[in-house]
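Notes for the one structure printed next.
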Amino acid sequence: MRFKSIIITLLMVVSQFAFAQVKFEAKVSKKKLGINERLRIDFEMNKDGDNFNPPDFSNFTVVGGPNQAVSNSWVNGKRSYSKTYTYFLAPKRRGSFKIRQAAIEIEGEIYKTSPISITVTEAVDKPRDGNNAHYIASENIHLVAEVSNTSPYINEAISVVYKLYVSPNTGVSNWREIDNPRYNDFWSQNIEVKGLNVKNGTYKGEDYRYVVLRKTVLYPQKTGKLKIEPLSLDITVDVPTDRRDIFGGRLMTKVHKTVSAGSKTLNVKPLPEKGKPSDFTGAVGDFTFKMRASKTSLNASESLQARIEVAGAGNLKLFELPKLSLPSSLEVFEPEHNIDVRTDLKGMKGRISDSYTIVPQYKGKYPIPSVSFSYFDLKTKSYKRISSGDIVIDVLEGPTNLSTGDNNLTVNNTNKQRVIESGTQFAFIKTKTKFSSVKSKHFFQSTKFWASLILPLLAIPLAMVVRKKKAQRDADVDGNRIRKADKLARKFLSTSKKALGNKEAFYVALEKALHNYLKAKLHIETSEMSKERIEELLLKMNADASTVNDFVALLENCELARYTPITNVEMQQDYDKSVQVISKIDKQLR
């Protein structure tokens, strides 16, 4: 009997130990699947743990999870506990793979799961079961990239619009981007999508609802076959089931689905060599060209403005304007480059110009030779040239250039000008002497004596006023913050100028300068600087709408330039535009 009692006691101890044993294991929905299928893996434990460390799913894309579920139950006075981490995986390629160990810490001990072997085969036929949630989702959710032109010329604008189509009986409760397209061989600009507006449309002849997720304008910078990488989304889809609630309404179930717009290949054509002008700089589109002077009659040493302008639709930011050639008797300063361009789905529209300040030195008539501009016209698929015509500047009064007579029409910039003798070149030499007494004077009661006595007394109240003003300035916390931000804006603008040629450093410094300028003028912090907030405050303070749009466009350029190819010419244009826009806003807000 005693031996029997010992056996029973041992069995109870062993069973109690077995019940208290920690379990941590991995379970998969299937060990063999097609490349177009999804794999579910659950990591289950029977005691709560910390510091869960999942395996490296290097051969899979995590399309869902980790989802955590906890279960607590009491049966016949005994507690049952379960905690599960769930992942949904999509295979990246075919082959045999191993999901390695996961680890977790439970009661101070580290527990690991066993590795699991998975075989991924070629794509399998999708189930045709109308009640299968994954099948319903795959048949009713589509991401489409609509490209306006798959065979453009180099520097011709094309648009890419990403649309998500959803069937009427299916819903989308959440989505996130898991792979963004990159445009390495394109100049690109995203067009802001204001709100996701649901519209009705058709997809493959069937009625669908759709939303536009993204709009992008591209200008190819290379010829040949260029690839646009796909946009991929992980979507939580609400799919109707065959179950109903107590009121008869159909219950919905949520499934994860990865959708991709698919990559697009463009065949970018080079511009024809036949008929290409020697001075062609890459302008592609439909343009007008003109040169004009602010005045054609003036006196010597007065100034005038000569403006070269290209307007129309095309790659306005991606080519250079022709240069002026002027006689040496006309002093000319570096041109001010102006950009007034907006971008929509059809590409860039607006105008660019160079404004030259010209100062004539001598009396006479001076021609500004005709300037020509050539571009490739997409409508006629041919090159066109526009000439501005000559402008003659009539300098009415001023010194005469004796080296060429009254009319300085053909002076070469490299020739040295003869010094003009006016007959008064030695007038500064004095020919008469004027003597004054060198007898010393007493300092006492002299002007210097009284000045040295009274000036310190007058300086005392002045010092008191200055000290009071300084104290008021030091107490003005907001004012000091504004002045500091203004100083930082000037500092960073100077830094961006020094960084011209270094894309990353230039646009970081330029963006900081713009932000600090806003801090100074609008009294807001960087965290409050949304585009809508900036526009609202600037317009409220009577800034011009076009200037505000230019400022916001500069901020967008700073964001986009880090991910797109940028030339030194474009960086210089952005810097010049920043100086101009800040100056305009500064005048308008006063």
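Just so it is clear, none of the values below were taken in a lab; they were calculated from the coordinates. Quick caveat, the model's predicted, so the values are computed rather than measured. Neighbour counts run over all protein chains shown; Cβ positions are idealised from the backbone, glycine included.
In straight Cα distance, which lysines are under 24 Å from residue 199, not counting same-chain residues fewer than 8 positions off?
Answer for residue 199, where 24 Å is the Cα cut-off: 163, 215, 254, 257, 346, listed by chain and number.
Compute the projected area of the convex hull of the Cα atoms of segment 133-268, averaged over all viewing directions, and report it in nm² to one decimal place.
The Cα convex hull of segment 133-268, projected and averaged over all directions, gives 9.2 nm².
Greater than 30 Å separation of Cα atoms is the criterion. Which listed pairs, 264/498; 295/323; 323/363, meet it?
Values: 264/498 39 Å; 295/323 19 Å; 323/363 25 Å.
Among 264/498; 295/323; 323/363, the Cα-Cα distance tops 30 Å for 264/498.
Among 25-32, 281-288, 359-366, how do they line up by average Cβ neighbours within 10 Å per residue, starting with the highest?
Numbers: 25-32: 14.0, 281-288: 18.2, 359-366: 19.8.
In descending order of packing, they fall as 359-366, 281-288, 25-32.
Near the amide H of residue 118, under 5 Å away, which other amide H atoms are found, from residues 5 or more places off or on another chain, if H is placed in the peptide plane?
Result for residue 118 returns 97, 98, 99.
For segment 183-193, what does the Karplus curve 6.51 cos²θ - 1.76 cosθ + 1.60, with θ = phi - 60°, yield as ³J(HN,Hα) per residue in whole Hz, taken in order and with x for Gly and Pro?
Once θ is set to phi - 60°, the couplings for segment 183-193 become 10, 5, 9, 10, 7, 9, 8, 7, 9, 5, 9 Hz.
Would you mind putting 461-468, 382-389, 301-308, 571-578 in packing order, based on average other-beta-carbon counts within 10 Å, highest first? Write out the running numbers ahead of the final one.
Numbers: 461-468: 9.8, 382-389: 14.2, 301-308: 16.6, 571-578: 19.6.
Per-residue mean Cβ counts within 10 Å order the peptides as 571-578, 301-308, 382-389, 461-468.
Which of 290/497; 503/584; 290/531 have a Cα-Cα distance over 27 Å? Write out the running numbers ahead of the final one.
Details: 290/497 30 Å; 503/584 25 Å; 290/531 35 Å.
Over 27 Å Cα-Cα: 290/497; 290/531.
When we measure straight from the Cα of residue 92, which aspartates and glutamates land under 14 angstrom away, once same-chain ones fewer than 8 places off are left out?
By straight Cα distance, residue 92 reaches 37, 56, 122, 179.
With Rg and the Kirkwood Rh both taken from Cα atoms, where does Rg over Rh land for segment 285-395? Provide the component values of the computation, followed by the final result.
Values: Rg = 15.7 Å, Rh = 15.1 Å.
The Rg/Rh ratio comes out at 1.04.
Rank by packing, highest mean first: peptides 232-240, 157-165, with packing defined as the count of other Cβ atoms within 10 Å averaged across residues.
Working: 232-240: 19.4, 157-165: 21.0.
Packing order, densest peptide first, comes out as 157-165, 232-240.
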